[in-house]
Structures are given as structure tokens and as C-alpha cells.
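See structure below.
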Ligand code: CUA
């Protein structure tokens, strides 16, 4: 007796610890995170949410049954003092048991497959109402380009869309392309992941029913700075969205006070990669900077868009994002200050 009790107490403690550890990932997924798939606010995310709960229910039930049988077997049939060393009765074959553990899993797999197919159709076959917004999202190492063909707007990393209510549905359809390698568009509260693949066009859509900021992340390893390829989706009321569109359509504000900085911008290689509408800068390789200061973050969400961060970024992009494809222009402090002063006028 004395030799056995401590062991079973230890097992009980281990079991409790194991159960607690199982709850940690559940909390991480379902907890108050801004990117939780368990808090959907858009139809495709709703479908995936319902589907996840269904699959979690089935797999949870399987887990409970197997785990209970395991615990019962361990506790009831454990070795006890006074047991003789003889083997228990050996049983070979049982038609009923074998039929049951073949048929039940087949039924479960069929149900799960049909539900999967229904969810895929729900997400993919979506009619386009006339009020739908079309945006082209282009994945690049390591940032996102967003083009609004109907408005002639080009911006980066921060996608702005109108809210879509049931009475006036105004979903946003995204045409997904890649300029280099495979990326994946994932804003968990709005829709599931869809890959952006070179030489191919994929599509996804969202119809957020709440205004606010929804965060996401590139979900396909795309090189050194994959982790700092963040997504921000701003959902506005219709009026706020129209105001944003009007502001974005304007050319860059003339800024006579930042003339020196503009000359630095135009005389270094900046303009080969960046566009500032209304100036000679019309490069297409880097983010469009026409309304740079309307964005809350720079470097694809890596840091807030403050004058200090902007200066540090332009001084040496690789210090902030090692591997970033934007080179450090080796500007002296005076030129750097002038250039940043100019960028700060791009409202
Ligand atoms: Cu783009 Cu990972």
C-alpha cells in the first residue's frame, strides 16, 4: 500500500497539470485578443467560426470519450498489492466492436467532409451587389500595396473600407496578387486566409458589420521580414469612408516650407521607388507616399508613424527591419532632417 499511494497521487497531480496546460491554448485563441477567430465581425469569418465550433464539438467529444476510457482503464485496472503475476484473460476478436469502431469514424468523417464543403461554398460563392467595393491587394517583400481602381487611390499596409450593414450591404472584394513570392492575406476577425501567389489572381471578400480597426498578418512565410508584414483594416461609416476617399484622391499638398527636403527627395534615389502624386516621383517599387502622414504606422505596421520613427526608418531601414529592401541613403543629418520635414508635409 505504502509503495503505491504516492505514485497515484503523483499521477493525479500530473493529470491536473496536463488538463490545465490544455486550457492555455484555448484561452490564447478565445481570449480578448484583437485577432481572435472566435470574435468574427464579417460573413466569411462567421462561416469559419461556426464551422470551427462544430469541429471543436466533435473532436472535443472524441477527446472526452477516449480520455475517460483511458483514465478508467488506468485507475480500475492498475496493479494492486496482492495481485498474482498471472496474465488477465486474453480475448481475441469481436465482430460488434470492430464494426462499431469502423462505422462510427466513417460517419464522423463523412459529416465533417460535408460540413467543410458547405463552408467552402458559403465563403466562395458570394454575389456581388452593385455597391461592392473592389480593391487590389498586392503582396510585396515586406509590405502590402492596396489599389482602389474605381478611385485611382494607391496606398500601403492600411486598408480602408466602408462598414456593411444588412440593409445596405457594401462588401469589399479583394483581388489578391503578388509582386514577388507567396504571401497570405489574413485578418482573422474578417475572413480566413487566402494566399497571394505570383502570376495568379486569387480573391477574397469581407463585409465587416462593425466600424473600427481590425488587425492581421501575412500568414505565409515570405522571407526574412515575414513577421513584420502586418495588416491593418480600418472599417469606417459610409460618410467617413467617403471623406477618406476624397482626401486620398487629392495630389500631394504643396509645401514651400519644405522645399529643401523635396529637393533631397528628388535628387536621391527615393523617387525611383516611391510615388508622390503631383511631383516627378513616380516610382512603383515602394509604397506610394502621396499621403504618407495619413497612415498610423510605417514599415508595414512595424512602428508607429511618428517623426522620430520616420527619421530612424529613413536613416537606416535595416536597423528596424533587417533585410528590408529599402537602402539607407547615407544622408548627412542636415539632409535627413530636411527630407523628414518634407515627408511630414505629405498629409
Ligand atoms: Cu508576406 Cu509572409
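If you take every DSSP beta bridge fully contained in the chain, what fraction is antiparallel? Give it as a percent rounded to 5. Kindly include the intermediate steps, with their values, before the conclusion.
Working: 26 of 39 bridges.
Taking every DSSP beta bridge within the chain, about 65 percent pair in antiparallel fashion.
Based on the Cα atoms of the stretch 45-144, what semi-axes does the equivalent ellipsoid have, where each is the square root of 5 times one gyration tensor eigenvalue, given in whole Å with the largest first?
Details: eigenvalues 512, 72, 28 Å².
Those come to 51, 19, 12 Å.
In nm, what is the difference between 0.36 nm times the number of residues separating residue 101 and residue 260 and their Cα-Cα distance?
Numbers: separation 159, 0.36 × 159 = 57.24 nm, distance 7.79 nm.
So the chain would gain 49.4 nm between residue 101 and residue 260.
Please give the length that would be gained between residue 203 and residue 249 if that part of the chain were fully extended, namely 0.36 nm times their separation in residues minus their C-alpha to C-alpha distance (nm, one decimal).
On the way: separation 46, 0.36 × 46 = 16.56 nm, distance 2.49 nm.
Result for the pair: 14.1 nm of gain on full extension.
Does the stretch 159-291 come out rounded, prolate or oblate by the C-alpha gyration tensor, with a ≥ b ≥ c the root eigenvalues, rounded set by a/c under 1.5 and, if not, prolate when a/b is larger than b/c and oblate if not? Could the numbers behind the result be given before it?
Working: a/c = 2.51, a/b = 1.34, b/c = 1.87.
It is oblate, given that a/c is not under 1.5 and a/b is not larger than b/c.
Please list the equivalent ellipsoid semi-axes of the chain, computed as the square roots of five times the alpha-carbon gyration tensor eigenvalues, in descending order and whole angstrom.
Numbers: eigenvalues 604, 137, 56 Å².
Whole-Å semi-axes of the equivalent ellipsoid: 55, 26, 17.
Grab the eigenvalues of the alpha-carbon gyration tensor for the stretch 121-187, scale each by 5, take roots, and send me the semi-axes largest first in whole angstrom. If you can, show how the numbers build up before the last one.
Numbers: eigenvalues 105, 44, 20 Å².
Semi-axis lengths for the stretch 121-187 are 23, 15, 10 Å.
Over the Cα atoms, compute the radius of gyration (one decimal) and Dmax (the largest Cα-Cα distance, rounded to a whole number) for the stretch 279-334, in Å.
Using the Cα atoms of the stretch 279-334, the pair Rg, Dmax is 11.6, 30 Å.
Once you compute Rg and the Kirkwood Rh from C-alpha atoms, what is the Rg to Rh ratio for the stretch 234-318?
Values: Rg = 14.0 Å, Rh = 14.3 Å.
For the stretch 234-318, the value is 0.98.
Taking 0.36 nm per residue of separation and subtracting the Cα-Cα distance, what length does fully extending residue 175 through residue 86 add? Display every interim value, and only then the final one.
Values: separation 89, 0.36 × 89 = 32.04 nm, distance 6.96 nm.
Stretched out fully, the residue 175 to residue 86 stretch lengthens by 25.1 nm.
How much FRET efficiency would the formula 1/(1 + (r/R0)^6) give for residue 71 and residue 109, where r is the Cβ-Cβ distance and R0 is 30 Å, rounded to 0.05?
On the way: r = 26 Å, r/R0 = 0.87.
E(calc), rounded to 0.05, equals 0.70.
Read the figures in this text as sums done on the coordinates, not as results from a lab. Source: prediction; values computed, not measured. Here Cβ is always computed from backbone atoms with ideal geometry, including for glycine, and neighbour counts include all displayed protein chains.
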